[in-house]
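Please read the structure below before turning to the comments.
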């Protein structure tokens with residue numbers, strides 16, 4: 001089931017209404033038309049008491065595309081950077097633990113953007129990009145514009161031993177190499193999408 005994070009709330013997409021209805025709690029909607037979907041998205045933004053929204057249709061690809069049309073879509077690439085000691089790198093951005101990532105520039109693919117942005121935000125040189133991990137989706141408000149951000153995450157390896165040189169203009173104030181499993185401090189102050197990446201990567 002696909003999902004999109006609205007801060008600490010979640011929109012799920014599926015094609016089996018009856019199965020999901022029996023197992024989950026939240027607001028359920030079977031897609032009918034784009035006008036209704038726009039209205040539903042507007043309503044969900046204002047209904048903080050509803051934690052989960054489930055949207056269904058037999059044609060999942062069509063449903064996702066229709067949902068995207070409710071937003072301005074931005075694409076980004078990021079990385080889970082591992083060092084030779086088996087530790088992974090987290091950064092504190094605007095007071096929240098995060099992973100290095102950034103937007104695609106014109107003409108870039110996800111792989112190129114991910115490596116460039118991680119190098120820029122951490123100052124680490126000689127990174128080796130590995131396999132893709134997962135794509136995450138989250139929304140936020142930028143002035144009067146609603147943004148849907150897709151981030152494609154990649155494994156990366158840092159073979160060196162230099163400490164990160166952080167990109168302060170991006171609000172990055174701190175970094176930390178973390179042993180897998182020593183992640184309680186991250187869980188307490190990060191984004192749901194980052195938790196998803198670390199869970200898939202089995203770093204908890």
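Readers should treat all values here as calculations from the given coordinates under stated rules, not as data from a laboratory. Note that the structure is a prediction, hence the values are computed from the model and not measured. All Cβ positions, even for glycine, are placed from backbone atoms using ideal geometry, and neighbour counts span all protein chains on display.
For the peptides 144-153, 34-43, residues were scored by their other Cβ atoms within 10 Å and the scores averaged per peptide; the highest-first order is 144-153, 34-43.
As a size descriptor, the averaged projected area of the C-alpha convex hull of the stretch 63-142 was calculated at 6.9 nm².
Here the relative contact order of the chain, from alpha carbon pairs under 8 Å that lie six or more residues apart, stands at 23 percent. Give the Debye-formula value of log10 I(q)/I(0) at each listed q (0.14, 0.19 Å⁻¹), with one equal scatterer per alpha carbon of the chain, two decimals each. The Cα Debye sum returns log10 ratios of -0.87, -1.35. In terms of the mean number of neighbouring beta-carbon atoms within 10 Å, the peptides 64-73, 117-126 order highest first as 117-126, 64-73. Judged by the mean number of other Cβ atoms found within 10 Å, the most tightly packed of the peptides 88-101, 180-193 leads the ranking 88-101, 180-193. Stretching residue 202 away from residue 174 to a fully extended chain increases their span by 7.8 nm, per 0.36 nm per residue minus the current alpha-carbon distance. Ellipticity at 222 nm from helices only: DSSP H runs of n ≥ 4 in the chain, each -39500 (n - 2.57), divided by the residue count, give -7500 deg cm²/dmol. Separation of the stretch 27-67 from the stretch 72-129 is 31 Å, based on Cα centroids. Round to the nearest 10 and give me the degree value, 0 to 90, for the angle of helix 34-46's Cα axis relative to the longest principal axis of the chain. Approximately 60 degrees, to the nearest ten.
Computed as a quarter of the hull surface, the mean projected area of the alpha carbon convex hull for the stretch 2-68 stands at 4.2 nm².
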